[in-house]
């Protein structure tokens with residue numbers, strides 16, 4: 001006997017719900033990923049937070065992973081779906097290696113694969129609840145693309161997910177230029193991450209910056225950013241006002 | 001979903017608010033984050049509001065609701081003080097808050113902690129959660145961040161603390177809540193009220209103690225990468 005009531009109304013077009021599972025809403029989520037192209041390749045930054053609703057539950061989640069020899073994947077959104085995507089990509093890279101033909105999947109191909117996966121899941125109303133950033137270098141060609149949970153995909157010189165779209169992209173538009181040095185790229189990303197730390201409720205003060213070049217992937221050790229609070233306006237925000245606002 | 005920032009969501013102070021009595025007065029504490037949806041609209045708000053010279057209130061929940069209630073109570077208390085001819089008591093202030101909260105319970109969404117000092121009863125803390133219940137307590141916690149502090153206070157609260165101990169406890173508690181509650185953050189503000197008067201303190205976010213899984217803040221990754229290598233072991 002089935003005690004659990006199905007949530008479908010009579011006029012539903014969704015088909016039988018009982019057999020398949022769908023991600024209706026996310027549980028453990030990661031926030032923004034920010035990335036840019038620089039002189040030698042791609043730089044990507046993401047904090048290490050896994051939020052459980054409004055609780056900052058996990059503070060050492062790695063949200064950027066190398067894929068094959070030439071790519072780096074960063075993800076925001078549901079962490080379990082990101083882990084599933086990593087499994088899919090493992091399989092993809094494995095089959096690619098098994099050809100043993102000296103050829104290997106480049107970032108453009110991996111991005112295309114991810115786009116197809118995300119879009120097809122969206123069409124079945126069973127999305128992988130992530131926004132992905134895929135960056136890489138192959139044979140000197142730099143590539144940086146993004147895919148969302150509904151399959152929207154594009155490539156650009158700098159991308160961001162989640163809150164990064166609103167807070168980081170304006171900074172990137174102003175400060176990015178062709179042939180950034182590693183130091184300048186890191187400084188721009190840190191500027192973006194600091195703003196996100198101030199203004200995104202789900203941000204956590206522990207981040208990693210990853211670099212991918214022709215040589216390979218390096219993901220930095222986790223570290224925290226200094227924040228600035230000692231403005232006189234902060235100490236006395238409402239001098240002279242009645243009430244404290 | 002991506003791009004769903006909802007900047008028109010009502011301003012809510014997710015918040016952590018605390019009020020603690022000690023041997024001689026009270027210490028009120030709060031974080032400084034005000035959010036609209038997931039965006040931090042104000043990272044340095046002041047949630048500890050003055051009602052009279054000797055009574056303050058910590059505000060949580062809807063920013064608009066808590067502000068309007070504070071304004072009304074400040075107005076009533078001002079008239080009351082003139083009519084009485086001496087400072088209002090903490091109990092009267094708390095009851096005025098209660099009346100507004102209770103009689104408008106269907107419309108208001110604000111939890112308040114009233115704290116102050118008067119010559120009759122000394123330092124007192126009153127909690128007035130949603131619905132308008134009035135509860136006199138030796139210490140009170142409120143706001144979304146308080147969920148993370150029940151265990152902490154069960155263990156750390158002691159009767160008869162000194163002023164310094166009480167303030168340290170409040171700062172530590174707000175800092176712990178900020179570490180885990182996304183809706184709390186920024187700086188820790190405290191207000192100490194006793195027979196000598198009122199003292200306001202400010203503890204910036206970067207000066208607070210580090211908790212589990214938190215790291216020492218750095219200026220930049222570049223500083224870490226360029227740091228000199230540690231000395232080899234000297235056996």
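Averaging Cα coordinates gives a centre for region B:49-67 and one for region A:207-245; these two points are 28 Å apart.
Gain on full extension, evaluated as 0.36 nm per residue between residue A:181 and residue A:116 minus their Cα-Cα distance, stands at 20.0 nm.
If R0 is 56 Å, the Cβ-Cβ spacing of residue A:220 and residue B:165 corresponds to a FRET efficiency of close to 0.85.
Rounded to the nearest 10 degrees, the angle from helix B:63-84 to the longest Cα principal axis of chain B is 40 degrees.
Apply the a/c threshold of 1.5 to the C-alpha gyration tensor of region A:26-222 and tell me whether it is rounded, prolate or oblate. Cα axes put region A:26-222 in the oblate bin.
Note on residue A:233 and residue B:137: the model spin-label points, each 7 Å out from Cα along the C-beta direction, lie 3.5 nm apart.
A viscosity of 1.567 mPa s and a temperature of 4 °C, combined with the Kirkwood radius over Cα pairs in Stokes-Einstein, give a translational diffusion coefficient for region B:105-235 of 72 µm²/s. For region A:167-245, the Kirkwood hydrodynamic radius from C-alpha pairs, put into Stokes-Einstein at 20 °C and a viscosity of 1.002 mPa s, yields a diffusion coefficient of 140 µm² per second.
If a/c stays under 1.5 just call it rounded; otherwise compare a/b with b/c (prolate if a/b is bigger, oblate if not). Do that for region B:17-226, with a ≥ b ≥ c from the square roots of the Cα gyration tensor eigenvalues. Cα axes put region B:17-226 in the prolate bin. The alpha carbon gyration tensor of region A:94-140 gives principal lengths a ≥ b ≥ c with a/c of 1.5 or higher and a/b no greater than b/c, which makes the shape oblate.
If you plug the beta carbon distance of residue B:105 and residue A:157 into 1/(1 + (r/R0)^6) with R0 = 35 Å, you get a FRET efficiency near 0.05.
In degrees, nearest 10, range 0 to 90: what is the angle between the Cα axis of helix B:163-180 and the longest Cα principal axis of chain B? Taking the Cα atoms of chain B, the angle to B:163-180 is about 60 degrees. For the pair region A:61-107 and region B:194-218, the centres of their Cα atoms are 42 angstrom apart. Inter-label distance, residue A:60 to residue B:150: 2.8 nm, where each label sits 7 Å from its Cα along the C-beta direction.
Which whole number in µm²/s is D for the protein assembly as shown by Stokes-Einstein, with the Kirkwood Rh taken over Cα pairs at 10 °C and 1.306 mPa s?
Taking Rh from Cα pairs, D becomes 64 µm²/s.
Rounded to the nearest 500, the 222 nm mean residue ellipticity of the protein assembly as shown from helices alone is -9000 deg cm²/dmol, with -39,500 (n - 2.57) taken per DSSP H run of at least 4 residues. Which of A:214, A:183, A:235 moves most in a GNM of chain A, Cα contacts under 10 Å? Greatest mean-square fluctuation among the candidates belongs to A:235. Given R₀ = 22 Å, FRET efficiency for residue B:158-residue B:214 by Cβ-Cβ distance, to 0.05? Given R0 = 22 Å and the Cβ-Cβ separation, E is 0.25.
Roughly what % of Cα-Cα distances in region B:16-96 sit above 16 Å, to the whole percent? Roughly 57 percent, once rounded to a whole number.
Just so you know, all these numbers are worked out from the coordinates, no wet-lab data involved. Just so you know, these numbers come straight off a predicted model, no measurement behind them. A quick note on method: Cβ atoms are made from the backbone with ideal geometry, for glycine too, and the neighbour counts reach across all protein chains shown.
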